[in-house]
Every structure is written in structure tokens, then in C-alpha cells.
Amino acid sequence: AQSVSQHNHHVILSEAASLELGCNYSYGGTVNLFWYVQYPGQHLQLLLKYFSGDPLVKGIKGFEAEFIKSKFSFNLRKPSVQWSDTAEYFCAVRTRNQGGKLIFGQGTELSVKP
Amino acid sequence: EPEVTQTPSHQVTQMGQEVILRCVPISNHLYFYWYRQILGQKVEFLVSFYNNEISEKSEIFDDQFSVERPDGSNFTLKIRSTKLEDSAMYFCASSETASGNTIYFGEGSWLTVV
């Protein structure tokens, strides 16, 4: 069965620090890859997505992610985090099979200290 | 930008009562989903729906759950006899296709079973 694994459960950073959140998935076929963010008490918002083409994708709020097919990875990065980036981050994978459902990772809680 | 809308935003119900959560997907979308998120946990897939039938359902989606698209615009999730452990945020989502497009999420319906 397909699965998504996020390496870090909780990350604590100071403002201006660089961020990298790991995400690995298990599926051998074509995938669509997503990162969603959930601010405290709010719904899921799309940060960025990868369907095909350039493996380095840029999203909103200065986030980017790199798809490395050989490593089945889609890590999220941001060069300099802000206090307002405090949120839960979910990596998700979508395959064409089975109605195109999204499979989510466990989530990484990011706390940014001012 | 088009939105997925959900009602109610918050519902409190007594154990054993029936609950219907409503969703209006984006108008030209054909694939519909329900997910749930128990407080502090990951986002879990419940069911996908396409062409007026269930494409896939998870183990969570037992006989207590049902989905319906009664009038071509609404997409409902019914829980027949709620249990305490059904307390969660329920997200509706929709997508134009099964792959190669973003899945858009609603703001969620927070269900509290007492």
C-alpha cells in the first residue's frame, strides 16, 4: 500500500533559520506531490505542488520543494523562517489509482521562536 | 478563487444521534472526498466518490458512514449513530480529475460528540 513518511514530528527553529522538512513516499508509479500547511485552528492550505517537469517547485510564502525521484522524496525548504510560519505541515501524495485520493504523512509541527 | 464550502462549521451532538455534514464542491469538479482529522493527529482518508458512486473507502468508513450527492451540487457525509471517537474535524475536498490537478479542501466541519 502507498504510504507517506515525514521524518520530523516537531521542529523548533528561531526566526531567520533555514528550514528543511523531509518527506518520503512509497509508490513505484507516477505521483503528484503536495505540501499543505495548517495554521493553528485553521483548515488545510496548499503550499505547493508537483505534477511533472522541473523537480524544483516554488510555492507561496517563500517555500520550495524538490522532487528526487530516485529517493522517493519531496522535501520542503525555506531559507529563512518567520514566526508566522508556525504551523503544521503535511506532505501528501496522489496516485491515479483508486479515485485519486490523497495520502497524507503524519505531519510536522513547526514552532518558530521570535 | 473557487472554494469548497462546508456546513456546519461546528456541530455538537449527543452520542447515538445521526449527523449530516454538508459540502458544496467546486462546480466543475468530478471527484469528491471526505477526510477526517482527530485533534492533534494526521489527516485520514475516509472515502472518494466519482460518477455517483464510491471509488474507494478506508477501514474507518464502516457501515455507520454513508455519502450522497443528492442534487448535483451538495455532497454529504452521514454518520448514523455517532460515537465519542467520531469527534474530529471533517474535511470535504474536490478535484477536477483523478490526477494532475490539485485537490481543494473546505474549511472543515468540527464535530463534537458528547
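Please state the shape class of region A:39-114: rounded when a/c is under 1.5, otherwise prolate if a/b exceeds b/c and oblate if not, all from the C-alpha gyration tensor.
On the way: a/c = 2.21, a/b = 1.42, b/c = 1.55.
Oblate is the answer for region A:39-114, as a/c is 1.5 or above yet b/c matches or exceeds a/b.
For a label point 7 Å from the Cα of B:THR102 along Cα→C-beta, name the residues of region B:3-39 whose backbone N is under 14 Å from it.
B:3-4, B:26
Among the GluC sites (Glu not before Pro) within region A:1-108, which fall in a DSSP loop and have no more than 16 other Cβ atoms within 10 Å of their own Cβ? Can you show the working numbers first?
Values: sites: A:GLU15, A:GLU20, A:GLU64, A:GLU66, A:GLU88; in loops: A:GLU15.
Passing both the DSSP loop test and the Cβ count: A:GLU15.
Distance in nm between label sites at A:GLN42 and B:LEU39, each 7 Å beyond Cα in the beta-carbon direction?
Once both label points are built, they end up 2.1 nm from each other.
Compute the accessible area per residue over region B:5-113, keeping the other protein chains in place, probe 1.4 Å, unit Å².
Numbers: 5130 Å² over 109 residues.
On a per-residue basis, 47 Å².
Which residues among region B:12-39 fall inside the zone where the amide N is under 20 Å from a point 7 Å beyond the Cα of B:SER66, along Cα→Cβ?
Of the residues in region B:12-39, B:14-24, B:32-35 have backbone N under 20 Å from the label point off B:SER66.
Give, ordered by residue number, each residue of region A:89-114 whose 1.4 Å probe accessible area is reduced by a minimum of 20 Å² on adding the remaining protein chains to the chain alone.
Going by heavy-atom accessible area, the residues of region A:89-114 that drop by at least 20 Å² are A:PHE90, A:ARG94, A:ARG96, A:GLN98, A:GLY99, A:LYS101, A:LEU102, A:PHE104, A:GLN106.
Please give me, ordered by residue number, the trypsin sites (Lys or Arg not before Pro) of region B:36-89 that lie in loop per DSSP and have at most 14 other Cβ atoms within 10 Å. Intermediate results must be reported in sequence, preceding the final value.
Details: sites: B:ARG36, B:LYS42, B:LYS57, B:LYS78, B:ARG80, B:LYS83; in loops: B:LYS42, B:ARG80, B:LYS83.
Those that pass, being in a loop and sparsely packed, are B:ARG80, B:LYS83.
Test of the criteria: in region B:75-110, which GluC sites (Glu not before Pro) are in a DSSP loop and have at most 11 other Cβ atoms within 10 angstrom of their Cβ? List each step's numbers first, then the result.
Details: sites: B:GLU85, B:GLU96, B:GLU107; in loops: B:GLU96, B:GLU107.
Answer by residue number: there is no such site.
Could you work out how far the C-alpha centroid of region B:35-67 sits from that of region A:49-114, in angstrom?
23
Along the Cα→Cβ direction, 7 angstrom out, place labels at A:GLN106 and A:HIS10. What is the inter-label distance in nm?
Distance between label points: 1.3 nm.
Against the 2.2 N^0.38 Å scaling, with N counting residues, where does region B:5-113 land? I'd like the Cα-based Rg ratio to two decimal places.
Working: Rg = 13.0 Å, N = 109, 2.2 N^0.38 = 13.1 Å.
This ratio for region B:5-113 stands at 0.99.
The values are calculated or read from the model by the stated rules, or taken from the named source; none is laboratory data. All values derive from a computational prediction rather than experimental measurement. No Cβ is skipped: glycine too gets one built from the backbone with ideal geometry, and neighbour counts run over all protein chains shown. Each accessible area value is taken on the protein alone, full model and side chains, heavy atoms only, with ligands, DNA and RNA left out. Shrake-Rupley method; radii C 1.70, N 1.55, O 1.52, S 1.80 Å.
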